Amino acid sequence: MLEYKQEFEKYFESHMDEIVASLGEIIGIESVGTLDSSVKPFGQGSAKALKWGEDFLKSLGMKTCNADNYAVHGDFKEGEPVLAVLSHLDTVPAGEGWSYDPFKLTCKDGILYGRGTIDDKAPSVAVLYAVKAIKDLNIPINKNFRVVFGGFEEGGCDDIKYYQEKYPFPENVFTPDGTFPVLNCEKGLIHLTFQGKSDNADRGVQRLKAGTVINAVPGKAEFILSGITMQEMKDALEKTEGFDLAFETKDGELCGTMTGKSCHASLPQNGLNTATGLLQAFSRLGISEFERLSKLFVHGDLSGNAIGLGFSDKISGDMTCVLTQLEKEQEQIRGGVDIRFPVDRTSQEIYAIIKSALEKSGFEITSFDSMEPHYVDKDCPLVQTLLTVYEGVTGEKGECRAEGGITYVHNTPGAVAFGAEFPWENNNMHGADEHISLATFKANLNLYANAIIELTK
């Protein structure tokens with residue numbers, strides 16, 4: 001039985017206008033982190049978002065610390081913290097295809113739209129108001145806990161690596177950067193890029209660009225073709241369903257735009273991949289270099305079976321392998337791949353297989369980054385406490401989950417993700433019209449407030 005469940009429910013229901021207004025403030029900060037800025041370490045937007053978070057923590061009476069604009073934290077009371085709640089205030093770029101201004105919070109039909117509403121600004125605001133509710137309701141807290149905000153999670157988590165060197169985490173850590181009930185298993189991650197020489201024939205692809213970031217399914221592609229008619233291209237795309245296409249002829253060349261649906265690369269089934277869609281079309285047209293690639297990255301194959309991957313295990317489920325970037329400029333073809341692999345495999349094993357497949361097709365790997373899988377025993381006290389909170393707040397059975405998404409605690413031993421979205425939702429994370437429902441936002445508030453209470457007893 002959760003001791004303060006009803007008090008929290010009443011508090012949040014009566015303060016929703018204030019809470020949504022605060023969310024609007026942080027959504028309005030365009031906090032896309034960058035290393036290419038005079039404002040170090042991650043640019044003006046990241047620094048501004050961290051300042052917003054630090055100021056809010058101060059307003060709650062928490063003792064704050066700014067770790068050189070890599071991250072900020074606030075302590076609830078004196079003493080070493082027994083719990084850290086970790087989230088990030090940076091976002092991926094807005095991208096295209098939005099129905100609303102991505103950096104202005106829009107509420108329509110019970111849905112809150114804006115970049116960061118699910119990843120990770122609304123969950124961060126929910127954590128802040130969980131703390132505020134504890135303060136305002138004068139709920140006794142016996143042990144200190146810490147709220148931590150980082151500024152470059154989307155850029156590879158260098159922010160929290162730096163932070164942890166100065167301020168090690170306590171034994172219990174959770175992040176609202178994943179999925180409910182509890183995400184205790186995260187697949188391994190590989191990001192790699194490759195390149196190869198083009199045949200540079202008179203008939204074929206002169207220019208191509210699909211995808212902007214390596215961890216998102218590309219929802220748009222632009223291309224210029226020579227020696228290929230509009231009708232030939234339409235025929236090649238005839239059986240490639242779901243895409244919107246636009247063509248025009250300019251200076252004797254065919255210029256085209258293909259629009260699909262972007263989504264987070266860990267959930268490629270939620271998107272429509274323009275890179276593989278075009279590969280399929282170019283293969284039908286007999287364009288040799290793209291025909292070779294299309295045999296590796298088959299449109300609709302999300303697990304890398306054609307490459308020799310397609311692994312699965314009982315804990316992790318199926319792996320994913322997604323071509324997320326594809327471009328041609330002059331004589332060079334370049335691509336980017338996002339892979340999420342099971343806990344019973346290693347990054348080197350996966351790397352060896354895809355390296356061999358690419359090289360046999362005339363391409364070489366130009367960069368390679370990886371993270372090994374992350375797993376926390378479902379029977380540990382942290383996981384069991386969070387599952388109890390989930391069941392107490394939602395009335396639903398709490399179970400552990402395994403996913404391909406890399407959360408903010410992937411490299412923190414013993415830490416897990418607790419929300420912020422429910423497994424049946426598709427909130428367009430990293431895509432256009434990213435959103436969170438008011439119902440899910442309210443659930444976040446209640447779940448985080450009760451979790452803090454239970455974990456600081």
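The values are calculated or read from the model by the stated rules, or taken from the named source; none is laboratory data. Since this is a predicted model, take the numbers as computed values, not measurements. When we count neighbours, we look across all protein chains shown, and the Cβ atoms used for this are built from the backbone with ideal geometry, even at glycine. These accessible areas exclude ligands, DNA and RNA; they are computed on the full protein's heavy atoms, side chains included. Shrake-Rupley method; radii C 1.70, N 1.55, O 1.52, S 1.80 Å.
Answer yes if at least one residue in segment 10-28 is open to solvent by 30 Å² or more (accessible area, probe 1.4 Å) and farther than 20 Å from D136 by Cβ, and no otherwise.
Residues of segment 10-28 open to solvent by 30 Å² or more (accessible area, probe 1.4 Å): 10, 13-15, 17-18, 20-21, 25, 28.
If we keep only those that are farther than 20 Å from D136 by Cβ as well, we get 28.
For segment 10-28, residues open to solvent by 30 Å² or more (accessible area, probe 1.4 Å) and farther than 20 Å from D136 by Cβ: present.
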First in segment 237-248 and without any contact (Cβ under 8 Å) to a residue 60 or more places away in the chain and assigned to a strand (DSSP E or B), second anywhere and open to solvent by less than 60 Å² (accessible area, probe 1.4 Å) and among the small types (G, A, S), Cβ under 9 Å, 6 or more apart: D244/G260; L245/G256; A246/G256; F247/G256; E248/G256
Where a residue in segment 1-23 is among the hydroxyl-bearing types (S, T, Y) and its partner, wherever it lies, is in a loop (DSSP other than H, G, I, E, B), with Cβ under 7 Å and at least six apart: Y4/I139; Y11/L137
Condition met for L112 (open to solvent by less than 20 Å² (accessible area, probe 1.4 Å), under 27 Å from G392 (Cα atoms) and either free of Cβ contacts under 8 Å to residues at least 24 places away in the same chain or more than 25 Å from the chain's Cα centre (by Cα) (or both)): no
Matching residues in segment 71-104 - criterion: being assigned to a loop (DSSP other than H, G, I, E, B), over 19 Å from the mean Cα position of the chain (by Cα) and either closer than 13 Å to V125 by Cα or touching a residue at least 40 places away in the same chain (Cβ under 8 Å) (or both): F76, K77, E78, G79, E80, P81, V82, S99, Y100, K104
Enumeration of residues in segment 314-337 that are more than 17 Å from N215 (Cβ to Cβ), under 23 Å from the mean Cα position of the chain (by Cα) and not in a loop (DSSP other than H, G, I, E, B): G317, D318
Boolean, S226 is surrounded by 19 or more Cβ atoms within 10 Å (Cβ to Cβ), modelled with pLDDT of 90 or more and not aliphatic (A, V, I, L, M): no
Every residue from segment 115-138 that is among the aliphatic types (A, V, I, L, M) and open to solvent by 10 Å² or more (accessible area, probe 1.4 Å): L137
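Does D136 meet the test of being within 30 Å of T366 (Cα to Cα) and of a type outside the set (K, R)?
Numbers: within 30 Å of T366 (Cα to Cα): no; of a type outside the set (K, R): yes.
Here the answer is no, as D136 does not meet what is asked.
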Verdict on G256 being surrounded by 15 or more Cβ atoms within 10 Å (Cβ to Cβ), part of a strand (DSSP E or B) and without any contact (Cβ under 8 Å) to a residue 40 or more places away in the chain: yes
Check on G61, part of a loop (DSSP other than H, G, I, E, B) and at pLDDT 95 or above: yes
So S46, is it assigned to a loop (DSSP other than H, G, I, E, B) and open to solvent by less than 40 Å² (accessible area, probe 1.4 Å): no
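Just the residues that are hydrophobic (A, V, I, L, M, F, W, C) and open to solvent by less than 30 Å² (accessible area, probe 1.4 Å), please, taken from segment 77-109.
First, pick out the residues of segment 77-109 that are hydrophobic (A, V, I, L, M, F, W, C): 82-86, 89, 92, 94, 98, 103, 105, 107.
Within segment 77-109, L83, A84, V85, L86, L89, V92, A94 qualify.
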Index of the failed condition, V92 passing every other in (1) more than 14 Å from E153 (Cβ to Cβ); (2) in contact with a His (Cβ under 7 Å, 6 or more places away or on another chain); (3) at pLDDT below 95: (1)
Filtered residue count, segment 140-159, keeping only those that are open to solvent by 10 Å² or more (accessible area, probe 1.4 Å) and more than 16 Å from the chain's Cα centre (by Cα): 5
Subset of segment 150-181 [under 22 Å from E399 (Cα atoms) and in a strand (DSSP E or B)]: N172, V173, F174, T175, G178, T179
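Scan segment 338-354 for residues that are acidic (D, E) and assigned to a loop (DSSP other than H, G, I, E, B) and jot them down. Lay out the reasoning, then the answer.
Of segment 338-354, the ones acidic (D, E) are 338, 344, 349.
Across segment 338-354, the qualifying residue is only D344.
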Restricting segment 397-426 to residues that are charged (D, E, K, R) and farther than 17 Å from F441 by Cα, the residue that is most open to solvent (accessible area, probe 1.4 Å): K397
Segment 374-384: number of residues that are open to solvent by less than 40 Å² (accessible area, probe 1.4 Å) and touching a residue at least 40 places away in the same chain (Cβ under 8 Å): 4
